[in-house]
Structure formats: structure tokens, C-alpha cells
Amino acid sequence: MLWSETLATFLDRLASADPTPGGGSVAALCGALAAALGSMVANLTRGKPQYAAVESEMNALLQKTEELRRTFTDLIETDMAAFAALTAARQLPRASADEARVRRERLQAATRRATEVPLAVAELAARLVPVCERLAAIGNRNLLSDVGVAVTLAHASAESAAFNVLVNLPALEDTTYQADARQRLETALAQVESTTASLMASVKARLTYHHT
């Protein structure tokens with residue numbers, strides 16, 4: 001399992017000539033890191049007397065960040081498996097008509113799966129950004145910079161995932177699915193963009209004010 005490895009080993013594998021893990025896994029990792037930071041902010045807000053008024057909401061936010069963290073983490077390896085299946089499908093023989101048909105069917109299925117995984121990452125990032133926004137508003141003020149890092153990583157997760165969706169879509173023959181996937185991606189990115197820029201600017205402004 002990938003997550004029994006150290007971070008150094010993961011980075012070595014990422015830097016190697018092996019195509020997995022690759023960009024899709026990194027997109028999911030960015031999301032997992034963002035969610036984990038969100039959980040840290042929630043955990044360091046809960047139980048503090050000065051934040052007692054938001055204790056209940058903070059518990060709910062923590063549940064969301066932990067759910068997202070688990071799902072992002074699962075998608076790191078899911079993306080690797082999807083790419084491996086795509087590679088295997090590309091290597092199938094196609095000398096006969098039957099072989100060509102089987103290869104085409106498996107290649108289409110594998111390509112769709114390799115599209116669906118990063119699309120899920122982008123949609124998860126779109127769910128995480130509003131959580132970060134709320135953490136910035138009511139969370140421990142001493143951790144505002146960590147919220148800024150979290151939303152930056154969530155944005156990176158969505159944009160990185162988008163590249164992995166877009167690279168696969170042209171190979172799909174199902175034009176209905178193609179259009180649906182593009183729409184889902186555009187919706188997710190629009191949701192991320194609508195909040196990220198203003199939130200990062202707000203965090204920077206509050207940090208600057210805090211230190212002057």
C-alpha cells in the first residue's frame with residue numbers, strides 16, 4: 001500500500017521513470033493535505049473557551065474535513081490503479097478483429113475511469129473550499145495562515161485534477177459522457193474560483209493587519 005511508505009519514498013517514486021504515482025495522484029494529495037490542515041484548524045479551535053460559541057459548528061466542520069481527507073487519500077491510489085488499467089488496455093493485442101474490438105472496449109472503459117477519478121477530485125475540492133471559508137471566519141485566529149495554505153492547496157487540487165480530466169476526454173467515444181464530464185468539471189472549477197480568490201485576499205489582508 002502506498003501509504004505504508006514514508007513521504008521520502010513517495011517522492012522518490014514520484015520522481016522516478018515509473019508513471020505512477022503521477023499528476024492525478026498529486027492532485028488528490030493536494031486535496032488531502034488541504035483537508036488535513038482544515039482538520040488541524042478545527043481541532044485547535046474546539047475546546048477553547050474563547051470559541052465556545054462556535055463549538056457545535058466546529059465539530060460539524062471537522063466531520064466534513066475528515067470525510068474529505070479520507071476520500072482524497074483513497075483517490076491517490078485509485079488514480080494509480082486507473083492509470084495502470086489504462087496502460088494495460090493500451091498494450092492489448094489488436095491483430096484480429098475480435099482482439100481489436102476487445103481492446104477498444106477495454107480502452108474506452110479504462111479511459112472513462114481515468115477521467116472519472118480526477119473529476120471526483122475536482123468536485124471534492126469544490127466541497128472543501130467553502131469549509132475553508134468558514135474556518136477562516138470562525139476558526140482559531142492564530143491559525144489563519146494555515147487556512148490560507150489549505151485553500152491554496154484546495155485550489156491547486158482542483159486545477160491539477162482538471163488537467164487530468166481534459167487529457168482523457170478527447171479519447172472517449174461517448175459524446176454524452178464527454179459533455180457531462182466537461183460540464184461537471186466547469187461547475188467544480190467555477191465553484192472553486194468563485195471563493196478562492198476572495199478568500200485568499202481576505203486572509204492575506206487579515207494577516208497583514210494582524211502584524212501591523
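Of all residues in region 81-94 being of a type in the set (A, V, I, L, M, F, W, C) and assigned to a helix (DSSP H, G or I), which is farthest from residue 13 (Cα to Cα)?
Looking at the filtered set, the residue picked out is 89.
Residues in region 62-85: is at least one over 22 Å from the mean Cα position of the chain (by Cα) and either more than 15 Å from residue 36 (Cα to Cα) or modelled with pLDDT of 95 or more (or both)?
no
Taking the criterion of being more than 24 Å from residue 159 (Cα to Cα), in contact with a His (Cβ under 9 Å, 6 or more places away or on another chain) and touching a residue at least 12 places away in the same chain (Cβ under 8 Å), would at least one residue in region 131-142 satisfy it?
Within region 131-142 (the criterion being more than 24 Å from residue 159 (Cα to Cα), in contact with a His (Cβ under 9 Å, 6 or more places away or on another chain) and touching a residue at least 12 places away in the same chain (Cβ under 8 Å)), the answer is yes, since at least one residue qualifies.
If you check residue 39 against the conditions, is it farther than 21 Å from residue 168 by Cα and touching a Lys or Arg at 6+ places or on another chain (Cβ under 7 Å)?
Yes, satisfied.
Could you tell me whether residue 32 is at pLDDT 95 or above, in a helix (DSSP H, G or I) and surrounded by 21 or more Cβ atoms within 10 Å (Cβ to Cβ)?
Here the answer is yes, as residue 32 does meet what is asked.
Give 77, 57 a once-over and let me know the one that is charged (D, E, K, R), touching a residue at least 60 places away in the same chain (Cβ under 8 Å) and in contact with a Lys or Arg (Cβ under 8 Å, 6 or more places away or on another chain).
The conditions single out 57.
Among (1) of a type in the set (A, V, I, L, M, F, W, C); (2) in contact (Cβ under 8 Å) with a residue 24 or more places away in the chain; (3) exposed (fewer than 11 other Cβ atoms within 10 Å of the Cβ), there is one condition residue 15 misses while meeting the rest; what is its number?
(2)
On the given criteria, is residue 78 buried (at least 18 other Cβ atoms within 10 Å of the Cβ), at negative phi and not in a helix (DSSP H, G or I)?
no
The values are calculated or read from the model by the stated rules, or taken from the named source; none is laboratory data. Here the structure is a predicted model, which is why all the values come from computation and not from measurement. Cβ: placed from backbone, ideal geometry, glycine included. Neighbour counts: every protein chain shown.
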